[in-house]
1. Please count how many residues of region 116-145 are outside any strand (DSSP E or B), surrounded by 13 or more Cβ atoms within 10 Å (Cβ to Cβ) and among the hydroxyl-bearing types (Ser, Thr, Tyr).
2. Being loosely packed, with under 15 Cβ neighbours inside 10 Å and either under 20 Å from LEU17 (Cα atoms) or at pLDDT 95 or above (or both) is the filter here, so list the residues in region 47-78 that pass it.
3. Look at region 35-86 and say how many of its residues are on the phi > 0 side of the Ramachandran plot and without any contact (Cβ under 8 Å) to a residue 12 or more places away in the chain.
4. Go through region 88-115 and report how many residues are assigned to a loop (DSSP other than H, G, I, E, B) and either under 21 Å from GLN133 (Cα atoms) or not aromatic (Phe, Trp, Tyr) (or both).
5. So which residues in region 1-27 are part of a loop (DSSP other than H, G, I, E, B) and in contact with a strand residue (DSSP E or B) (Cβ under 8 Å, 6 or more places away or on another chain)?
6. What residue, of ARG75, ARG9, ARG5, is in contact with a helix residue (DSSP H, G or I) (Cβ under 7 Å, 6 or more places away or on another chain) and among the basic types (Lys, Arg)?
7. Any residue that is surrounded by 10 or more Cβ atoms within 10 Å (Cβ to Cβ), in a loop (DSSP other than H, G, I, E, B) and in contact with a helix residue (DSSP H, G or I) (Cβ under 7 Å, 6 or more places away or on another chain) - is there at least one of those in region 33-45?
8. Here are some conditions: (1) out of contact with any Ser or Thr (no Cβ under 8 Å at 6 or more places or on another chain); (2) loosely packed, with under 10 Cβ neighbours inside 10 Å; (3) not small (Gly, Ala, Ser). PRO21 meets all but one. Which one does it not meet?
Amino acid sequence: SFASRHAGRKPFESIELYGHPQTLWPDHCVQGTIGAQLHPKLLWDRVAAIVRKGMDPECDSYSGFRNNWNINGERPATGLTGYLRERGIREVYVCGLARDVCVRWTAEDAVDAGFHVYFLWDVTCSVNPADDQSLQQALIHRGVILTTTEELKG
């Protein structure tokens, strides 16, 4: 949830939203702004699908697989699990921003959905880098494979 949607609140404060802790974020990736655009060097001939998340202004969306909790106490699916299963895909490679929030939640939801998950550590960046060691341990504990782009090339 954006801090700007909560009067008197500042980015990175924590509130309770629908019975769960919620960090209030600075506005980012807002539809129709440059922050929501895909990278101009994206190889469009290799893009099979784009999963839209964060479309509900009342519900945050960290994971590519499921939104955060909504007012009904549910974490609605984005459709990515079904899309991948229909195509026989068993492995998921995650990278991007932010390592300790959206990428983490995507990796954990992918594991929960039964995928083998590879977390490309060198092409992610954390909001809180001081927590990276505990994040690595938590991901390994969940069954996520930590790797790098160099290791994949090897």
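1. Counting residues in region 116-145 that are outside any strand (DSSP E or B), surrounded by 13 or more Cβ atoms within 10 Å (Cβ to Cβ) and among the hydroxyl-bearing types (Ser, Thr, Tyr) gives 1.
2. Listed by number, the residues that qualify are MET55, ASP56, PRO57, GLU58, ILE71, ASN72, GLY73, GLU74, PRO76, ALA77.
3. 0
4. So the count comes out to 6.
5. Those that are part of a loop (DSSP other than H, G, I, E, B) and in contact with a strand residue (DSSP E or B) (Cβ under 8 Å, 6 or more places away or on another chain): SER1, HIS6, ARG9, PRO11, PHE12, GLU13, LEU24, PRO26, ASP27.
6. After applying the criteria, what remains is ARG9.
7. Scanning region 33-45 turns up no residue that is surrounded by 10 or more Cβ atoms within 10 Å (Cβ to Cβ), in a loop (DSSP other than H, G, I, E, B) and in contact with a helix residue (DSSP H, G or I) (Cβ under 7 Å, 6 or more places away or on another chain).
8. In the conditions (1) out of contact with any Ser or Thr (no Cβ under 8 Å at 6 or more places or on another chain); (2) loosely packed, with under 10 Cβ neighbours inside 10 Å; (3) not small (Gly, Ala, Ser), PRO21 misses (1) alone.
The values are calculated or read from the model by the stated rules, or taken from the named source; none is laboratory data. Remember, predicted model here, so these are calculated numbers, not experimental data. For neighbour counting, all protein chains shown are included, and Cβ atoms are generated from backbone atoms with ideal geometry for every residue, glycine included.
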